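Bear in mind these aren't lab numbers, they're just calculated from the coordinates by the rules spelled out. Bear in mind the structure is a predicted one, so any value in this text is a computation, not a measurement. Neighbour counts are summed over all protein chains in view; Cβ atoms, including those assigned to glycine, are modelled from backbone coordinates with ideal geometry.
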């Protein structure tokens, strides 16, 4: 992550910012110019930092404060209770149910999505006619908002005469209880995420594939590697950073899924994720705790725990991919060294 | 994370469509020997994928233009004639036009703010030298990986304290700046503006801000357009936060649409009509700016 920053400062050739002002200016003008150079950068970045501090960082930190109090939505701040809210939430089976649902839906959406996106990107990486048309066609679902996607798929997966059950009926299969069964509802919700994001991720991966130098493929082809072999031993390793990036963003987004479970089946239990909470995700539980049960203290505890979970998974992802990359680097180096040795040995 | 952006940034300066053309053609000759164009299988697969993904959308339109009974058909393909009647029902059920107007206002204000502040900060991080620059930039990157949306409860408390709940301002203010925007603009500007140009402007006696306006902004324009597009999309699609701070009488398009889905009896042809109506604006945007959207994603734009 930091690699970009450690690059030599782009402006190293530039004159020092507070250097002499051009031409022969009056001293006060020179001083004004120096002040301009010194202060301007801070002035330019301050709107971001000030606003971000107020609406981004402060609420996040204050969540910790709220989570340590009895705090009612209507009555406001109550007693300080220390870690009591956390203890309650960690012993709450609805909380663990929501974590299970979130992770299950996340895995059901992330894993197939990445494989399909990879395949799609590989297909789009061919020398197609009407390139832009095909790219636009895979991106189409992205412009349908999650709320609209959910309304559409809620209808598609309706248990009485929804599109999917109708099609299953044609093949003589029994209708599936998409909104009542735990696993089936997870698949239905994951399919909404997949539908909207697969093409988008395919385009990101496609961009990475197109950045792979073509002469590598050339030499591999000359060495007799077929297209499949080239895909797995050249394309995939070359686009790994992008792949990791896609996985990390999918994780951050996927673990905060809300709209889809909120609106998937509103008719039972008012949209808290199914009558038996069979598809209640953690953010949905947070929402229920804050605005249905009106317990802001406990809701903040949920937010804080989810926050920690997401950051931990993000870090894990990051270090794992670092390890894999460096391990690979080592084995590559060894292989190169060996090949070089053989080559030299063969010649002498 | 950064690699996607750094790799792709130079590509942004050229025509996005034209640039890959030449190497791609050469590459294919190498990759597949004699054949230079992929065969029918590839087009067949793509067509199947396209039809498969587009069908749910088409199906919604077919049901939206039919009656609730249309939904019972197995694979309906032909739209009926009820769309306008259903649309009228939607307009009765939810304050559609008000919601549309609110969504437009909210998304536009957020977009302008994010683009302006991101360009300013991104330029400073990319091209100006100041104490603490690298540390602050690391901070910006780190916040991108942090789910700040989880601060919604204190944020809600603040908005209520200010008496802003129910007002559009409550939706707008929390997203006036994004760490991603700053990062995106910095990555773009670091490569695209030659330092000599800034130097030249300074030698000519232009102040810092003048230099920013005359050198940085024109150079940043393509990236600003992409950032604007994505910021607009993100603001437009947001559901959780408007649901919390706005009331049903003054909704955004997304929260209004959500209202259609409530109640024990759901007339799906009405719900789907609403979904189709709400999709039309973005569909138009997609047709007009689809190419930019694609090149934006391919330059490493990230989901919001």
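Report Rg(Cα)/(2.2 N^0.38 Å) for region A:102-231, keeping two decimals.
Details: Rg = 18.7 Å, N = 130, 2.2 N^0.38 = 14.0 Å.
Here the Cα radius of gyration is 1.33 times the empirical estimate.
Using only atoms on other chains, find how many Cβ atoms lie within 10 Å of each Cβ of peptide B:116-124 and report the average. Kindly include the intermediate steps, with their values, before the conclusion.
On the way: counts 1, 9, 2, 1, 8, 8, 3, 4, 8.
Across the residues of B:116-124, the mean count of other-chain Cβ atoms within 10 Å is 5.
Rg and Dmax of the protein assembly as shown, both derived from C-alpha coordinates alone, stand at 26.7, 91 Å. The mean number of partner chain beta-carbon atoms within 10 angstrom of a residue's beta-carbon across peptide A:129-139 is 5.
Shielding by partners for peptide A:210-219, expressed as the average number of C-beta atoms from other protein chains within 10 Å of each residue's C-beta, is 4. Over region B:167-269, the ratio between the Cα radius of gyration and 2.2 N^0.38 Å evaluates to 1.64.
Here region A:215-241 and region B:121-144 have alpha carbon centers that stand 37 Å from each other.
Size descriptors for region A:92-337, from the alpha-carbon set: Rg then Dmax equal 21.3, 68 Å. Averaged over residues, the count of other Cβ atoms within 10 Å places the peptides B:129-136, A:181-188, B:208-215 in the sequence A:181-188, B:208-215, B:129-136, highest first.
Sorted largest first, the principal axis extents computed over the alpha-carbon atoms of region B:121-183 equal 42, 19, 17 Å.
The Rg/Rh ratio for region B:95-260 is 1.06, where Rg is the radius of gyration of the alpha carbons and Rh is the Kirkwood radius.
Computed per residue of the protein assembly as shown from DSSP H runs no shorter than four, each worth -39500 (n - 2.57), the mean residue ellipticity at 222 nm is -22000 deg cm²/dmol. When only alpha carbons are used to place a centre, region B:270-294 and region A:80-101 end up 40 Å from one another.
How would you rank B:286, A:319, going from fewest to most other Cβ atoms within 10 Å of each one's own Cβ? Show your work: numbers first, answer last.
Values: B:286 18, A:319 10.
Placing the least packed residue first, the sequence is A:319, B:286.
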